[in-house]
Amino acid sequence: MALHPKGYDLSLDRIARLLDRLGNPQLNLPPVIHIAGTNGKGSAAAFARALLEAAGYRVHAHTSPHLVNWHERYRLAAEGGGRLVDDALLARTIARVAKANHGETITVFEILTAVTFLLFSEQPADAAIIEVGLGGRFDATNVVAGPAVSLIMPVSLDHEAYLGDRVELIAAEKAGIIKPGCPVVIGSQESEAAQTVMVETAERLGCPVSVYGQDFLAYEENGRMIYQDEHGLMDLPQPRLPGRHQYANAAAAIAAVRAAGFEIGHAAAERAMKEVYWPGRMQRLQKGKLTELAPEGAEIWLDGGHNPGAGLVVAEALVEQEEKQPRSLFLICGMINTKDQTGYFRAFEGMARHVYAVPVSLSDAGVDNTELALRANEAGLSAEPVASVANALMLLRDTWDDSETPPRILIGGSLYLAGAVLAENGTPPA
């Protein structure tokens, strides 16, 4: 982090040069499931890994960013399920990449992506799930020439400074991961214009393409998830990841894994829905140092979503919880200055009783908590600045009327905040 820029400098030249010096490990990967999108990439990767492992396949998985430890970005195939890379192997691999780079200008993400390709090419596996960092076309992961499938999850406005200020422009950047003749799966899209861009790109490149809502879909019936595609119906448990949006994410993962040529039967899909795990995204916090500071009996959720699209799906997930058990909703939010803070808060108008705005300690781009409270006010929410998540929880506990049902609390607005909360709570991803 000290040696290399941590911002974005979208280009493939530097990563291609570095990989060439390393012997082009990206050419020696197991079949790759390459995932892009604004929201849902991580959930899709988690579902894909759960599906493949439940079917007996050995799977590598690269995701970003990490929440607490750098190791979270690299899950290596192992018997009985993947394991996060260990310290010694990660250190050796980073040292090899640094040596090959010869101190030349490069970004942190490019270094980390080269590490991904080395690790995944040198450890045996049946599949590699690789999540795009930013965009698609010029993302460092996009040197994968022939993925088994390119999966594009929901696209909406985010990172406009890098990807464009219209959803069609962002969709075109995400569609950059589509390669000639390689299968393409397009997840649920809010924007018809974005979906059209992706479908037209796939057709122009001669790719077999499957689109959510046309070629496959998922819906709820009698408390179960029904998945349907050309192979028929699968009657599955509700996904372990909460929120109705996870049905579409799970469906996209099933479609992608099948399009990549892997056999996924009903029993494996059922097991995957029960066992899928993805921290920091509508994650229920039930124990830990921070949870002990909240009002007794409080229901605490953690989510790293940070744009208006993410705000909407989180709000919908909380509506589902409200239908199961009514509780007053409080938000504890921190955000960074590249995000549409007011747009995020608008998703909770009429739902949240109060917002505690907190600093984001792990990013120098964090919005001042006083300013963030004003952004919440602009969205029609009652809000106040508070020094930390711990302070917000204690303030809520000290002012809570014990005659009321304990509150529902969402801690969110930033993956940086989610990581800090998991670390402080003593419950880092494993």
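Values quoted throughout were computed directly from the atomic coordinates according to the rules given, and no laboratory measurement underlies them. Note that this is a predicted model, so its numbers are computed, not measured. Methodologically, a virtual Cβ is constructed for each residue, glycine included, from the backbone with ideal geometry; neighbour enumeration extends over all protein chains shown.
Suppose a student asked you for the relative contact order of region 13-275, using Cα pairs under 8 Å spaced at least 6 residues apart; what percent would you report?
Numbers: 531 pairs, mean separation 62.6, N = 263.
After rounding, I find 24 percent.
How big is the chain by the Kirkwood estimate over distinct Cα pairs, in Å?
Numbers: mean 1/r = 0.0453 Å⁻¹.
Hydrodynamic radius (Kirkwood, Cα pairs) of the chain is 22.1 Å.
Take the cross-link list LYS174/LYS289; LYS174/LYS339; LYS99/LYS289 and give me the ones stretching past 30 Å between alpha-carbons. Don't skip to the answer; put the middle values down first.
Working: LYS174/LYS289 39 Å; LYS174/LYS339 19 Å; LYS99/LYS289 41 Å.
Beyond 30 Å: LYS174/LYS289; LYS99/LYS289.
Specify the inter-centroid distance of region 69-144 and region 263-310, based on alpha-carbon positions, in whole Å.
Computed from Cα coordinates, the inter-centre distance equals 25 Å.
Using mean Cβ contacts within 10 Å as the protection proxy, how do 383-395, 305-317 order, highest first?
Final packing ranking: 305-317, 383-395.
By the scheme Lys and Arg +1, Asp and Glu -1, what is the net charge of all other residues having a beta-carbon under 13 Å from that of PRO385?
-2
With an 8 Å Cα cut-off and a minimum separation of 6 or more residues, compute the relative contact order for region 102-242 in percent.
16
Ordered by packing density, taken as the mean number of other Cβ atoms within 10 Å over each peptide's residues, highest first, how do 41-49, 99-107 rank?
Values: 41-49: 27.0, 99-107: 14.2.
My ranking of the peptides, most packed first, is 41-49, 99-107.
Starting from the 7 Å offset along Cα-to-Cβ, what nm value, one decimal, do you get for the label separation of ALA145 and GLU320?
4.2
Pull up the cross-link candidates among the lysines for LYS287, meaning alpha carbon to alpha carbon under 18 Å and not fewer than 8 places away within one chain.
none
Just the Kirkwood number for region 1-93, please: inverse of mean 1/r across all distinct Cα pairs, in Å, one decimal.
Averaging 1/r across every pair of different Cα atoms and inverting gives 15.3 Å.
When the chain is fully extended, how far beyond the present Cα-Cα distance does SER382 get from GLU292, taking 0.36 nm per residue of separation?
Full extension from SER382 to GLU292 adds 29.9 nm.
With runs of 4+ DSSP H residues as the only contributors, calculate the mean residue ellipticity of the chain at 222 nm using -39,500 (n - 2.57) per run, divided by the residue total and rounded to the nearest 500. List each step's numbers first, then the result.
Working: 14 runs with 158 residues, N = 430.
It lands at -11000 deg cm²/dmol.
If you count the DSSP beta bridges with both ends in the chain, what percent of them are antiparallel, to the nearest 5?
On the way: 19 of 56 bridges.
Of the beta bridges lying entirely in the chain, close to 35 percent run antiparallel.
What would the Debye formula give as log10 I(q)/I(0) at q = 0.12, 0.14, 0.15, 0.17 Å⁻¹ for the alpha-carbon point model of region 283-425, no solvent?
One equal scatterer on each Cα of region 283-425 leads to -0.40, -0.56, -0.65, -0.85.
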